[in-house]
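See below for the structure under consideration.
Quick note: the coordinates plus some simple rules give every number you see, no bench work behind them. Quick caveat, the model's predicted, so the values are computed rather than measured. Quick reminder, even Gly has a Cβ in these numbers, built from the backbone with ideal geometry, and neighbours come from all protein chains shown.
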Amino acid sequence: MATTERDYYELLGVARDAGADDIKRAFRRLARELHPDVSDAPDAEHRFREVVEAYEVLSNSERRELYDRFGHAGLRSGGFQPSAFDLGSLSDLFSAFFGDDLFGVGGRMGRARGADIAARVEVDLAEVATGTKREVPFGVAVPCDHCGGNGAEPDTPVRSCPSCGGSGRVRQVSRSVFGEFVRTGACPTCSGSGKLIDRPCEECRGAGRVVEERTLEVEIPAGIHDGQRIRLTGEGHAGAVGARAGDVYVEVHVRPDARFVREGNDVYTTVDLTITQAALGATLTVPTLEGEAELAFEPGTQPGEIRVLRGRGLPVLQGFGRGNQRVLVNVTVPRRLNEEQRRLLEEFERLAGEETYEPGEGFFDRLKSAFR
């Protein structure tokens, strides 16, 4: 059983003393919410089946009493098994439950929509700052032009399947001490299509669809994050006749940029100053997402200082404003000195006093201030 560890009342969101009408209303609401044709949640189908199973038990007074007294173990010992169904036949199941159609479309549920397609594009961090466009190629199943999507050679008959009456589903009713159980499945005669073709289309071999290469221009919005997906509705594989096509999900990957580290909408970079530049002051060129910019450093610049370039970060995705660029100062210390350089540094050290190294904000304090 799919829900041996789940409480049926909890699944339907009703109290243990809920009446039949309350249980019915809760089931209808959850079924409309969780059906995979409506919900994009990855676990929608599993949760939908759990809800159907819970309703099968709680809507039957004998099964409900058995469950209330002995739990799932009592149901198993009594021979209960959840109805076997596929998602294309649920309207038949609901019709057996309610005597009407849950989704209000009359009779059996509409044809399944087309499958979704996954695609991938790569962009540079600088392109994320401005937004860009990409040509995305992918293979997609589309209705066959030769047969118009019905799978038969032109001017040849397409007969309704006599076994299922053209519905594509067959129903089996079994009886037990707990009542009637209705099971539906794909018709074995027509493989669930509801039709029989005498001469399959030579182009698509009776499938009604062919695969073609397609290229779409996708707009990559400014500020998008690595791994986010863009949904192109209705651009996926074609569905059965009368059903809408699936969607295309384009996953965006942002290439690493050796100059920057991204943190939300802010970007971080470093700049190297020699000890003399840090002590005497200097104007250096630093990279930004919009090109290079000159940045002046005051005499006495300390290692670990953070310079903030307001509005030089990334745009807020589907919002307003931009992040900042934070420039971390790194002071480079010479590794090799000749005799003259060593003598001058030793002379400098001899002349330096306490006032030369006036204490300021510590390195970690500066880092904490920068992140704040």
* Amide H contacts under 5 Å for LYS195, placed H, 5+ residues apart -> CYS161
* Would you grab the residues whose amide H sits under 5 Å from the one on GLY236? Only those 5+ places off in sequence or on another chain, please, with H modelled 1.01 Å from N. => GLY246, ASP247, VAL248
* Could you check the simple spin-label distance between ILE306 and THR215, using points 7 Å along Cα→Cβ, in nm with one decimal? => 4.5
* Asked: What order do you get for 249-261, 193-205 when each peptide is scored by the mean count of other beta carbon atoms within 10 Å, highest first?
  -> 193-205, 249-261
* Asked: Classify the stretch 261-371: rounded, prolate or oblate, from the alpha-carbon gyration tensor (a ≥ b ≥ c, eigenvalue square roots; a/c under 1.5 rounded; otherwise prolate if a/b is larger than b/c)?
  -> prolate
* Label-point separation, GLU355 to ARG255 (7 Å along Cα→Cβ), nm -> 5.4
* Karplus couplings for the stretch 292-302 from phi (6.51 cos²θ - 1.76 cosθ + 1.60, θ = phi - 60°), rounded to Hz, Gly and Pro as x? -> 7, 9, 8, 9, 8, 10, 6, x, x, 4, 9
